[in-house]
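Asker: Handing you a structure now.
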Amino acid sequence: MNNRYHVDRRTHRYRRARRRAIVIALLLFLIALFYFLFHLRIAPSQNIQNDTAATAPYKPNGDKKAHIDKPFFAFDLPDGWKEAGRDASVVPSPTYNFISPTTQQQTLRLYVDAPPTNFAVNRAITVSASGSGIDHDMVSENCVNFTDAKYKDSRTGIAPAKWQNIDFLCDMGNIQRPVVGAISSDGINYIKLTGPTTGEHKLFIVFADYGVNPNYSVLYDILDSFKMK
């Protein structure tokens with residue numbers, strides 16, 4: 001009897017230890033499974049191969065220029081601009097007349113040594129000589145916004161005006177026109193520029209942009225490139 005009791009006791013202990021081992025193993029398996037699932041990252045299989053790198057210098061739109069070379073001066077215009085004939089609608093007629101492609105609706109008129117004394121503009125840009133080139137400020141707002149209307153000539157619609165303490169003529173009779181005039185302290189409607197070879201000349205620059213949103217950077221680039229000969 002005593003021997004059978006001890007055998008059963010040993011068997012019971014063995015089964016209990018085995019169950020405990022199974023429970024522990026199961027817990028360890030669940031812990032490992034949970035850890036694996038928690039850190040799993042599901043991503044599509046990808047096979048990425050980079051193409052051979054290709055580089056090219058950046059060139060913004062409008063980088064190409066049309067170089068204009070005249071007897072007294074030279075400057076650059078945007079690509080696509082061209083010189084036009086005398087414009088009979090403008091009195092007095094400019095010495096040189098340049099126009100943009102029709103989609104841009106811009107014009108540049110230059111008067112050389114014969115500035116129009118009664119030519120009125122709608123906006124002004126202050127310019128000054130810098131060696132054989134031109135320094136400039138920014139284009140003003142429409143001059144009707146800072147010109148006293150009581151000085152307007154009822155016959156011509158022109159009124160004397162000042163921008164940055166420089167005199168010019170404001171076209172108050174045609175306030176919707178987009179005409180910009182380069183003004184200077186040298187006198188009404190001209191700037192004196194001196195070239196190393198051709199000497200001193202009077203120049204009046206008139207720019208117009210008939211687009212809904214005028215792009216005055218075109219005018220700034222033209223003035224920056226301007227050089228007397």
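Asker: Looking for something small (G, A, S) and touching a Phe, Trp or Tyr at 6+ places or on another chain (Cβ under 6 Å) - is there at least one such residue anywhere in the stretch 139-160? Before the answer, list the steps.
Answerer: Taking the stretch 139-160 first, the residues small (G, A, S) are 140, 149, 154, 157, 159.
Pick out the ones that are also touching a Phe, Trp or Tyr at 6+ places or on another chain (Cβ under 6 Å) and you get 140, 159.
The answer is yes; a qualifying residue exists.
Asker: Given the conditions (1) free of Cβ contacts under 8 Å to residues at least 60 places away in the same chain; (2) surrounded by fewer than 14 Cβ atoms within 10 Å (Cβ to Cβ); (3) in a strand (DSSP E or B), which single one is not true for T194?
Answerer: Answer for T194: the failing condition is (1).
Asker: Let me ask something additional. What are the residues in the stretch 135-154 that are over 27 Å from I222 (Cα atoms), assigned to a loop (DSSP other than H, G, I, E, B) and free of Cβ contacts under 8 Å to residues at least 24 places away in the same chain, if any? Walk me through how you get there before you give the answer.
Answerer: First, the residues of the stretch 135-154 that are over 27 Å from I222 (Cα atoms): 147-154.
Subsequent filtering for residues that are assigned to a loop (DSSP other than H, G, I, E, B) retains 147-148, 152-154.
Scanning the stretch 135-154 gives D148, K152, D153, S154.
Asker: Let me ask you something else. Hey, which of the strands (runs of 3 or more DSSP E) in the stretch 63-109, taking only ones fully inside, have at least 2 residues that are closer than 22 Å to H201 by Cα? Spell out the reasoning first.
Answerer: Working: elements: 65-69, 73-78, 82-84, 96-99.
Answer list for the stretch 63-109: 65-69, 73-78, 96-99.
Asker: Mind listing whichever residues of the stretch 112-135 are buried (at least 21 other Cβ atoms within 10 Å of the Cβ) and of a type outside the set (D, E, K, R)? Don't jump to the end; show me each part of the working.
Answerer: Within the stretch 112-135, the subset buried (at least 21 other Cβ atoms within 10 Å of the Cβ) is 119-125, 127, 134.
The answer is F119, A120, V121, N122, A124, I125, V127, I134.
Asker: Tally time: how many residues in the stretch 164-178 are at pLDDT 95 or above and under 10 Å from N142 (Cβ atoms)?
Answerer: Residues in the stretch 164-178 being at pLDDT 95 or above and under 10 Å from N142 (Cβ atoms): 4 in total.
Asker: Could you tell me how many of the residues in the stretch 124-173 are within 33 Å of the chain's Cα centre (by Cα) and basic (K, R)?
Answerer: Adding up the residues that qualify gives 1.
The values are calculated or read from the model by the stated rules, or taken from the named source; none is laboratory data. Note that the structure is predicted; figures quoted are calculated from it, not measured. All Cβ positions, even for glycine, are placed from backbone atoms using ideal geometry, and neighbour counts span all protein chains on display.
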